[in-house]
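To start, the structure itself, in structure tokens.
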Amino acid sequence: MTFTTVLFYILAAVLVIAAFRVITARSPVTAVLHLILAFANAAMLWMLLGAEFLALLLVLVYVGAVMVLFLFVVMMLDIRIDTLRRGLKTYLPLGLVIGAVLVVEMSFVLGATWHGAGPQAAVAGDYNNTRALGEAMYTQYVYAVEVGAALLLVGMIAAISLTLRRRRDAKYNNPSAAVRVRAQDRFRLVSMPAQSDRAQGRVTQPSDDAQGEKE
């Protein structure tokens, strides 16, 4: 058994444990951290298989951007785990059945692939897997790439539309009204008796003679 084989089994075991902890962790922050660990181990496995470009994309895009964004969102939101787990027992049997079906399907696909797989194809020394991936995406699978891009665009527009709802509990400022404001609209002088005189009951009303003199 070579060192590469031992490293593959170690990374695969850590990947499976981290993925299992993602769905069983009680804290959402812990689940996101285990998901980052799972992505990092998947990137290392791709590196062992010779897909360096995909490994770097997984680290930069998912671990470096998406997962960090998820982590900050989860930490800032007030997520109540008890409320989320309230209906877990109701949907648990259906979830187990769907998971078992997915495992069986993946087993059939991987078994058929490994059974009919021959020796590794011989490639030249200057073979560039990144260029081969780009050529396959934009020639043979160009329709699938366009459909995926359209779905991502629709999802982005839908997310923006859902978050642009006008909130009634927020106070909005009108810049044009603030520029046209006048001093008399914001400031008013009011003549009031002193607080000490009011507390001692010495506030007197003006007499009729004084009013006549003023007239």
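Anything in region 169-200 that is at pLDDT 75 or above and outside any helix (DSSP H, G or I)? List them, or say none. Of everything in region 169-200, those that are at pLDDT 75 or above and outside any helix (DSSP H, G or I) turn out to be ASN173, ASN174, ARG180, VAL181, ARG182, LEU189, VAL190, SER191, MET192.
Number of residues in region 150-168 that are modelled with pLDDT of 80 or more, hydrophobic (A, V, I, L, M, F, W, C) and open to solvent by less than 60 Å² (accessible area, probe 1.4 Å): the value is 2.
Here VAL16 fulfils each of the conditions (1) open to solvent by less than 60 Å² (accessible area, probe 1.4 Å); (2) of a type outside the set (Asp, Glu); (3) modelled with pLDDT of 90 or more apart from (1). Looking across region 136-149, the residues that are open to solvent by 50 Å² or more (accessible area, probe 1.4 Å) and under 31 Å from the mean Cα position of the chain (by Cα) come down to MET137, TYR138, TYR141, VAL142, TYR143, ALA144, GLU146, VAL147, ALA149. Would it be correct to say that VAL63 is farther than 19 Å from LEU133 by Cβ and crowded, with 17+ Cβ neighbours inside 10 Å? Criteria met by VAL63. Checking PHE72 against (1) aromatic (Phe, Trp, Tyr); (2) at pLDDT 85 or above; (3) out of contact with any helix residue (DSSP H, G or I) (no Cβ under 6 Å at 6 or more places or on another chain), only one condition comes out false. Which one? Evaluating PHE72 over (1) aromatic (Phe, Trp, Tyr); (2) at pLDDT 85 or above; (3) out of contact with any helix residue (DSSP H, G or I) (no Cβ under 6 Å at 6 or more places or on another chain) leaves (2) as the failure. Across region 19-53, what is the number of residues that are over 25 Å from PHE72 (Cα atoms) and either modelled with pLDDT under 85 or touching a Ser or Thr at 6+ places or on another chain (Cβ under 7 Å) (or both)? Here the count works out to 6.
Every condition in (1) closer than 30 Å to LEU88 by Cβ; (2) part of a helix (DSSP H, G or I); (3) open to solvent by 50 Å² or more (accessible area, probe 1.4 Å); (4) touching a helix residue (DSSP H, G or I) at 6+ places or on another chain (Cβ under 9 Å) holds for PHE8 except the one numbered (1).
The values are calculated or read from the model by the stated rules, or taken from the named source; none is laboratory data. Note that the structure is a prediction, hence the values are computed from the model and not measured. As a convention, Cβ positions derive from the backbone with ideal geometry for all residues, glycine included, and neighbour counts pool all protein chains shown. Quick note on the areas: whole protein, heavy atoms, side chains included, nothing else; ligands and nucleic acids left out. Shrake-Rupley method; radii C 1.70, N 1.55, O 1.52, S 1.80 Å.
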